[in-house]
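Report on the following structure.
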Amino acid sequence: MFYVKTLSHEIVLEPVHFGQKLRATLVRLLKEQVEGLALANYGYVVNVIEVPEDQIKSGVIEYDTGSVIFTVQYTALLLRPFIHEVLDAVVSQCNPLGFFAFVGPLRIFVSKHSMPEDMFNGFDGEKDAWISDDKEVVIASGSGVRLKIKGRTVEQGNITAIGTIKDNYLGLIDDGEAQGPV
């Protein structure tokens, strides 16, 4: 799910930024441009951990604009869902087809066909929740669920996943209601 990798990124810097704080400006722009970005082969860039001094290459001047293109290598913390990985997620929305849950920036859809049989016809439109036949399991917005990743898609710089709660030890783990002091 989380891993550390060394990546590279090109930054175009206008002449107004040249000066004593060039390195700090490059690091700031790198973080603004890549943190939260979904890279197709690697996953979401959660955080830029390190930008070694010697990994900022000399810039190449664009003669038309006077800007300089710097290639910067950096170490990043990445979030990438793997097929068959089990994750704990928070439900954000329920609808008659299933529910959406989030693990950080990763959006996961669980279809009603990927729920246990006792929940297949259990959508309650008034409560916007999935309820089991015995009324003991209620999955609503804010609930915590343990799910397994079945598939993953990358589209327009965004990663989404399809999940299931149909296997053993998967399903509701937290009803989302905070427990008060006892």
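The values are calculated or read from the model by the stated rules, or taken from the named source; none is laboratory data. None of these values were measured; they are calculated from a predicted model. No Cβ is skipped: glycine too gets one built from the backbone with ideal geometry, and neighbour counts run over all protein chains shown. To get the accessible areas, we keep the full protein, side chains included, count just its heavy atoms, and leave off ligands, DNA and RNA. Shrake-Rupley method; radii C 1.70, N 1.55, O 1.52, S 1.80 Å.
Scanning the range 1-28 for residues that are part of a loop (DSSP other than H, G, I, E, B) and closer than 18 Å to TYR63 by Cβ yields GLU14, PHE18.
Check THR153, THR71 and return the single one that is hydroxyl-bearing (Ser, Thr, Tyr), open to solvent by less than 80 Å² (accessible area, probe 1.4 Å), touching a residue at least 24 places away in the same chain (Cβ under 8 Å) and not in a loop (DSSP other than H, G, I, E, B). Break it down stepwise before answering.
Details: THR153 fails: touching a residue at least 24 places away in the same chain (Cβ under 8 Å).
None of the others qualify; the one that does is THR71.
Are there strands (runs of 3 or more DSSP E) fully within the range 86-133 with at least 1 residues that are within 22 Å of the chain's Cα centre (by Cα) and among the acidic types (Asp, Glu)? List them. Give the derivation first.
Numbers: elements: 86-95, 98-103, 106-111, 129-131.
Hits in the range 86-133: 86-95.
For first residues located in the range 21-34 and more than 14 Å from SER8 (Cβ to Cβ), partners that are open to solvent by 50 Å² or more (accessible area, probe 1.4 Å) and lie 6+ apart or on another chain with Cβ distances below 7 Å form the pairs THR25/HIS17. Hey, does the range 88-96 have a residue that's of a type in the set (Ser, Thr, Tyr) and touching a Phe, Trp or Tyr at 6+ places or on another chain (Cβ under 7 Å)? Taking every residue of the range 88-96 in turn, at least one turns out to be of a type in the set (Ser, Thr, Tyr) and touching a Phe, Trp or Tyr at 6+ places or on another chain (Cβ under 7 Å). Checked against (1) in a loop (DSSP other than H, G, I, E, B); (2) among the small types (Gly, Ala, Ser); (3) closer than 17 Å to LEU172 by Cβ, SER58 passes all but a single condition, namely (3). With respect to the conditions (1) within 30 Å of SER143 (Cα to Cα); (2) surrounded by fewer than 16 Cβ atoms within 10 Å (Cβ to Cβ); (3) of a type in the set (D, E, K, R), LYS112 falls short on a single one, namely (2).
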